[in-house]
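Undergrad: If you scroll down you'll find the structure; I have some questions about it.
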């Protein structure tokens with residue numbers, strides 16, 4: 001019989017030789033950490049006559065205090081709506097800017113770059129194939145100026161594909177310090193499962209990944225973030241893990257201690273915020289939904305804001321799906337199921 005310890009040593013050695021770090025992080029549920037935040041509901045005020053719709057897209061403005069949101073037009077889809085779906089709120093929760101009228105059907109991911117430009121990914125809402133109002137929309141990434149001028153569009157609206165100029169339900173977008181663009185392309189099902197890299201002017205550089213569970217494979221790459229070292233963190237949601245890569249797509253490490261991640265944000269101090277809106281007894285049993293806060297440097301988790309939903313098995317998603325944190329460390333949770341934007345302040 002082969003000695004198990006010796007076999008594992010060989011596996012580790014081979015992984016190290018290949019340049020991949022074998023994760024030593026625990027896969028045991030991380031549920032019992034202190035909640036050091038107080039919840040503020042109804043912080044952001046919609047104009048009179050408009051209600052909150054579903055949102056998973058939330059980001060912090062370059063000023064460190066204003067909040068950008070991609071909101072689904074009072075519902076879970078903007079198909080057929082002429083409402084502005086890109087909204088900016090100041091630090092008091094007052095709406096100060098809006099744009100994107102009629103452009104999107106399912107704003108999903110958002111990124112604010114170092115120049116203050118706002119990037120939005122447009123996926124496809126449930127049932128879109130049967131909705132004529134959704135025809136010719138979705139499957140794109142749009143770069144706006146802070147004033148709402150379209151500066152760049154990646155992908156072809158309403159066209160699915162896995163080539164250098166097409167997407168299939170892109171979930172998120174982020175830019176590197178040199179301006180290179182990274183898109184998490186895919187949202188489960190029959191969509192894509194890859195990361196696509198472009199130059200700052202939108203020229204295709206490379207793509208990596210396919211559907212699977214091995215290192216470098218994905219099942220719903222749902223959110224992206226860079227740490228201060230320039231490592232790319234990918235929330236590989238259906239695989240219940242974070243995967244970490246260099247900017248050429250080389251796999252570095254995987255972490256499971258932040259749970260089943262829908263939303264991901266890393267601040268300038270490498271504090272990592274991870275929102276789990278889906279765990280239940282069927283998907284990731286033993287783990288509780290909520291926002292986990294920890295370190296992008298060593299993977300340690302030190303705080304947990306629990307989901308207020310008492311029976312997560314009864315809902316597909318609850319509480320925050322998108323997450324971001326301002327310069328003061330206040331957290332913002334964008335909610336799809338409850339259709340809200342919550343603010344969490346340090347106690």
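Undergrad: In the stretch 49-86, what residues are buried (at least 17 other Cβ atoms within 10 Å of the Cβ), farther than 23 Å from residue 131 by Cβ and free of Cβ contacts under 8 Å to residues at least 40 places away in the same chain?
TA: 66
Undergrad: Hey, another quick one. For the stretch 274-289, check the following and say yes or no: at least one residue is in a strand (DSSP E or B) and either in contact with a helix residue (DSSP H, G or I) (Cβ under 7 Å, 6 or more places away or on another chain) or over 17 Å from residue 30 (Cα atoms) (or both).
TA: Pass one, the stretch 274-289, residues in a strand (DSSP E or B): 274-276.
Checking which are either in contact with a helix residue (DSSP H, G or I) (Cβ under 7 Å, 6 or more places away or on another chain) or over 17 Å from residue 30 (Cα atoms) (or both) leaves us with none.
No, the conditions are met nowhere in the stretch 274-289.
Undergrad: Can you report the number of residues in the stretch 303-327 which are farther than 22 Å from residue 347 by Cα and modelled with pLDDT under 95? Walk me through it before giving the result.
TA: To start, the set of residues in the stretch 303-327 that are farther than 22 Å from residue 347 by Cα comprises 310-318, 321.
Filter once more, keeping what is modelled with pLDDT under 95: 310-318.
Adding up the residues that qualify gives 9.
Undergrad: Does the stretch 170-181 hold any residues that are surrounded by fewer than 24 Cβ atoms within 10 Å (Cβ to Cβ) and either farther than 17 Å from residue 266 by Cα or free of Cβ contacts under 8 Å to residues at least 60 places away in the same chain (or both), and which are they?
TA: 178, 179, 180
Undergrad: For the stretch 143-228, please list each of the strands (runs of 3 or more DSSP E) lying entirely inside it that holds at least 3 residues being more than 30 Å from residue 294 (Cα to Cα).
TA: Numbers: elements: 150-154, 170-175, 181-185, 194-198, 204-208, 221-226.
In the stretch 143-228, the matching strands (runs of 3 or more DSSP E) lie at 150-154, 204-208.
Undergrad: Then there is this: When you scan the stretch 96-109, do you find a residue that is touching a helix residue (DSSP H, G or I) at 6+ places or on another chain (Cβ under 8 Å) and exposed (fewer than 15 other Cβ atoms within 10 Å of the Cβ), even just one?
TA: Step one: filter the stretch 96-109 for residues touching a helix residue (DSSP H, G or I) at 6+ places or on another chain (Cβ under 8 Å), giving 105-106.
After this cut, where a residue has to be exposed (fewer than 15 other Cβ atoms within 10 Å of the Cβ) as well, the list is none.
No, that holds for no residue.
Undergrad: Filter the stretch 229-269 for residues that are part of a loop (DSSP other than H, G, I, E, B), surrounded by 23 or more Cβ atoms within 10 Å (Cβ to Cβ) and touching a residue at least 40 places away in the same chain (Cβ under 8 Å) and give the result. Spell out the reasoning first.
TA: First pass over the stretch 229-269, keeping only residues part of a loop (DSSP other than H, G, I, E, B): 229-231, 240, 246-250, 256-262, 267-269.
Remaining after also requiring surrounded by 23 or more Cβ atoms within 10 Å (Cβ to Cβ): 258-262.
Across the stretch 229-269, the qualifying residues are 258, 259, 262.
Undergrad: Follow-up question, since we're still on this one. Taking strands (runs of 3 or more DSSP E) that do not extend beyond the stretch 32-116, which have at least 3 residues that are over 27 Å from residue 183 (Cβ atoms)? Give the derivation first.
TA: Working: elements: 37-40, 57-60, 67-70, 86-89, 95-99, 107-112.
Answer list for the stretch 32-116: 37-40.
Undergrad: Next question, about the same structure. When residue 295 is evaluated against the numbered criteria (1) surrounded by fewer than 19 Cβ atoms within 10 Å (Cβ to Cβ); (2) within 18 Å of the chain's Cα centre (by Cα); (3) on the phi < 0 side of the Ramachandran plot; (4) touching a residue at least 40 places away in the same chain (Cβ under 8 Å), which criterion, by number, is the only one it fails?
TA: The failed condition is (4).
Undergrad: When residue 222 is evaluated against the numbered criteria (1) over 24 Å from residue 59 (Cβ atoms); (2) in contact with a helix residue (DSSP H, G or I) (Cβ under 9 Å, 6 or more places away or on another chain); (3) surrounded by 17 or more Cβ atoms within 10 Å (Cβ to Cβ), which criterion, by number, is the only one it fails?
TA: Here residue 222 meets the rest and fails (1).
Undergrad: Could you go through the stretch 121-129 and let me know if any residue there is touching a strand residue (DSSP E or B) at 6+ places or on another chain (Cβ under 8 Å), in a loop (DSSP other than H, G, I, E, B) and modelled with pLDDT under 95.
TA: We begin by selecting, within the stretch 121-129, every residue touching a strand residue (DSSP E or B) at 6+ places or on another chain (Cβ under 8 Å); these are 121-123.
Then drop every residue that is not in a loop (DSSP other than H, G, I, E, B), which leaves 123.
Okay, now just the ones that are also modelled with pLDDT under 95, so 123.
Among the residues of the stretch 121-129, at least one is touching a strand residue (DSSP E or B) at 6+ places or on another chain (Cβ under 8 Å), in a loop (DSSP other than H, G, I, E, B) and modelled with pLDDT under 95, which makes the answer yes.
Undergrad: Does the stretch 126-143 hold any residues that are surrounded by fewer than 23 Cβ atoms within 10 Å (Cβ to Cβ) and under 12 Å from residue 171 (Cα atoms), and which are they?
TA: Within the stretch 126-143, just 140 meets the criteria.
The values are calculated or read from the model by the stated rules, or taken from the named source; none is laboratory data. On a predicted model such as this, the values are computed, not experimentally measured, just so you know. Note: ideal-geometry Cβ built from the backbone for every residue, glycine included; neighbour counts use all protein chains shown.
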